[in-house]
Amino acid sequence: MIQLLPDYIANQIAAGEVVQRPASVVKELLENAIDAGATSITVVVSDAGSTLIQITDNGCGMSPSDARMSFERHATSKIQHIDDLHSLHTFGFRGEALASIAAVAEITMMTRRADDEVGTQVHLMAGEPAQQTPAAVHTGTSISVKNLFYNVPARRKFLKSETVELKHIVSEFLRVALCRPEVEMKLYDKNNELYHLTPSTLRQRIVNLMGKNLNQQLIDVQVETSMVNIRGFIGKPESARRNSGNQFFFANRRYFRSPYLQKAIISAYDKLLVRSPDTFPTYFIYFEIPPANIDVNIHPAKTEIKFADESVIFQMLNAAVRETLSKFAVAPSIDFDTAGAPEFPVVRKNTPAPAAPKIDIDPHFNPFEEEEKKPGTAYHKEKPIDSNWKKLYEGLDAPAIEPSSCTPATVSLSFIQVKGKYLLTPVKSGVMLIDIRRARQRIYYEEYIHRLANHQYASQQQVFPESVELRPEDCLLLEPVLEELRLLGYDITPLGNHTMAINGLPPDLAGIDMQEWIQILLEELHHTAAQLKERRQTTLAASLAKTAAGYTAETLKPEEAQALIDRLFACETPSICPAGKPVMHIIPIEELDKKLFKN
């Protein structure tokens with residue numbers, strides 16, 4: 001049987017598409033503030049937005065009748081005719097945001113236009129009529145959203161930890177801030193100021209949000225065509241990271257995601273990513289394109305965009321990035337340093353000419369005479385080595401052996417390193433390959449778990465502690481786990497102003513690049529932030545083990561390799577790494593016979 005849904009149920013269904021988490025509310029209200037012409041916006045959240053989200057702007061404000069009407073479904077000031085959908089320059093246009101938020105929360109709006117003597121206040125709770133009263137307020141609009149999902153317990157139950165939800169709020173804040181550098185924007189978590197962004201240029205806004213270290217890594221991109229204008233910044237190859245946190249696309253100052261266009265940029269960096277093939281380049285790309293050539297209404301959250309000529313945009317973007325990288329590679333900036341340079345003598349008139357240099361000549365030298373090989377310099381003349389064996393030997397990271405004994409009969413293959421990635425060693429049933437990095441991950445993981453369980457502290461203190469400036473959201477991620485990090489040997493202390501002092505590290509990590517190390521650690525913690533709520537110690541130990549394993553020297557000395565094997569087989573579960581991937585693989589003799597010596 002078919003029947004019409006009650007309004008409060010229909011609103012909650014609509015809210016399920018628009019309001020997925022507290023960050024969704026922040027996104028919708030920020031976009032409304034921008035559309036209202038605000039030049040200053042303040043965002044305040046409590047308990048990662050589940051208790052309070054308050055956004056205040058100095059925009060145009062609303063009349064009492066518009067304030068009340070704005071909470072009705074499909075009420076909008078952006079669309080008058082169907083043709084308006086093809087010429088949109090604003091964020092919101094469907095008129096569902098406020099109605100959807102009001103369906104799942106308690107909401108209060110206070111607003112006033114500049115010409116009005118008195119403003120208005122509108123208060124709503126889910127399923128109840130709106131209450132509207134006059135109010136003395138500043139020009140602009142202030143909206144408070146309290147007790148999000150209080151009437152939808154199932155939705156509230158599935159919210160992640162405060163750290164994860166706050167991270168999503170910060171992400172939405174950044175996306176708006178990056179496309180409006182001329183707007184002053186502030187973000188507070190309770191009484192803690194996370195961001196205070198003053199009006200600035202685009203490059204300054206990017207640096208203020210992403211960290212000062214990025215300033216020297218940005219390269220300007222600028223392309224103008226009749227179809228699209230592309231501008232923005234890309235990062236130098238060495239600034240690539242293991243996650244996609246510094247990758248942003250904007251179309252007509254609206255953030256969007258596009259795996260297809262992302263491939264255009266990644267392919268332009270082909271063979272230039274020096275850290276690892278698994279890293280992602282940094283980019284902040286802004287498209288200016290006629291609104292009629294894009295469709296922004298294909299996704300409920302408006303994070304996807306359909307281009308009329310997407311393949312052409314792909315080629316233009318790829319060519320623009322390649323050209324920019326080419327210019328950077330061919331003509332890098334040069335800063336000549338003259339400090340300590342030798343001084344050239346001044347030659348004056350009538351100065352005597354310098355004497356010609358004396359050259360000693362050995363009259364008995366014959367370049368065509370074959371010199372007897374000295375012991376220890378190369379292979380002995382009287383003991384030639386089979387060419388195939390010589391190639392095999394030179395390709396192995398084997399222990400140093402006297403050249404005179406380099407023959408197949410005397411070189412022992414009981415221990416061998418392959419490309420600094422694997423250990424190859426014979427076992428009873430055949431040959432065993434051990435993945436060095438995964439072996440280290442397993443070793444570190446079990447050692448970390450043991451330290452956490454027994455509250456053991458092992459750290460090598462730095463003679464000169466190093467300070468590292470982080471982004472506010474990184475500090476929020478790091479601070480809750482500082483005590484566990486200390487037990488694991490990572491002695492890190494907050495200094496204020498989003499700065500951390502690294503006082504000590506585990507002995508295995510002595511001498512590493514701390515700036516790069518802590519960035520990789522934070523990337524791992526961002527990946528596992530959702531699991532930190534329930535499996536705090538195991539998740540943290542696995543993240544740190546993965547980070548530490550990537551920062552130990554690849555090539556091992558024979559005694560180091562033997563120690564690695566001993567430590568690995570002393571573990572409770574030596575066969576898999578913390579992520580569940582195999583650490584070792586045994587190739588049976590039968591398989592070797594079949595594949596290698598079948599002829």
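The values are calculated or read from the model by the stated rules, or taken from the named source; none is laboratory data. As the structure is a computational prediction, the values presented were derived from the model and not from experiment. Heads up, the Cβs are rebuilt from the backbone with ideal geometry, glycines too, and the neighbour counts pull from every protein chain shown.
Could you say which residue among E473, E534, E483 is in a helix (DSSP H, G or I) and either modelled with pLDDT of 85 or more or surrounded by fewer than 20 Cβ atoms within 10 Å (Cβ to Cβ) (or both)? Don't jump to the end; show me each part of the working.
On the way: E473 fails: either modelled with pLDDT of 85 or more or surrounded by fewer than 20 Cβ atoms within 10 Å (Cβ to Cβ) (or both); E534 fails: in a helix (DSSP H, G or I).
Being in a helix (DSSP H, G or I) and either modelled with pLDDT of 85 or more or surrounded by fewer than 20 Cβ atoms within 10 Å (Cβ to Cβ) (or both) holds for just one of E473, E534, E483, which is E483.
Pull out all pairs, ordered by first then second residue, where Cβ-Cβ is under 8 Å, the residues are six or more apart or on different chains, the first lies in the stretch 557-585 and is under 7 Å from R442 (Cβ atoms), and the second is outside any helix (DSSP H, G or I) and of a type in the set (G, A, S).
V583/S575
Which of the residues spanning the stretch 264-306 are more than 23 Å from the chain's Cα centre (by Cα), modelled with pLDDT of 85 or more and part of a strand (DSSP E or B)?
Listed by number, the list holds a single entry, E288.
Results for (1) part of a strand (DSSP E or B); (2) in the same structural domain as I416 (by TED's automatic domain parsing); (3) crowded, with 18+ Cβ neighbours inside 10 Å, shown as yes or no for each residue.
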site	(1), (2), (3)
Q441	no, yes, yes
Y444	no, yes, yes
Y448	no, yes, yes
V468	yes, yes, yes
L477	no, yes, yes
T493	yes, yes, no
M500	yes, yes, yes
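Out of (1) more than 13 Å from F284 (Cα to Cα); (2) modelled with pLDDT under 90, the odd one out for P199 is which?
It fails just one condition, (2).
Here are the criteria: (1) outside any loop (DSSP other than H, G, I, E, B); (2) within 30 Å of I285 (Cα to Cα). Tell me which single one V145 does not satisfy.
(2)
Suppose we keep only residues that are polar (S, T, N, Q) and loosely packed, with under 13 Cβ neighbours inside 10 Å within the stretch 411-439. Which one would you say is modelled with the lowest pLDDT?
If we take residues in the stretch 411-439 being polar (S, T, N, Q) and loosely packed, with under 13 Cβ neighbours inside 10 Å, then S412 is modelled with the lowest pLDDT.
Residue by residue through the stretch 254-263, note down the ones that are touching a helix residue (DSSP H, G or I) at 6+ places or on another chain (Cβ under 7 Å) and either surrounded by fewer than 19 Cβ atoms within 10 Å (Cβ to Cβ) or part of a helix (DSSP H, G or I) (or both).
Once the filter is applied, which keeps residues that are touching a helix residue (DSSP H, G or I) at 6+ places or on another chain (Cβ under 7 Å) and either surrounded by fewer than 19 Cβ atoms within 10 Å (Cβ to Cβ) or part of a helix (DSSP H, G or I) (or both), the stretch 254-263 yields Y260, L261.
Which condition breaks for G127 when tested against (1) modelled with pLDDT of 90 or more; (2) of a type in the set (G, A, S); (3) more than 30 Å from R203 (Cβ to Cβ); (4) surrounded by fewer than 20 Cβ atoms within 10 Å (Cβ to Cβ)?
That leaves (1) as the condition not met.
Output the number of residues of the stretch 454-490 satisfying the condition of being among the small types (G, A, S) and in contact (Cβ under 8 Å) with a residue 60 or more places away in the chain.
Summing the residues that are among the small types (G, A, S) and in contact (Cβ under 8 Å) with a residue 60 or more places away in the chain in the stretch 454-490 gives 0.
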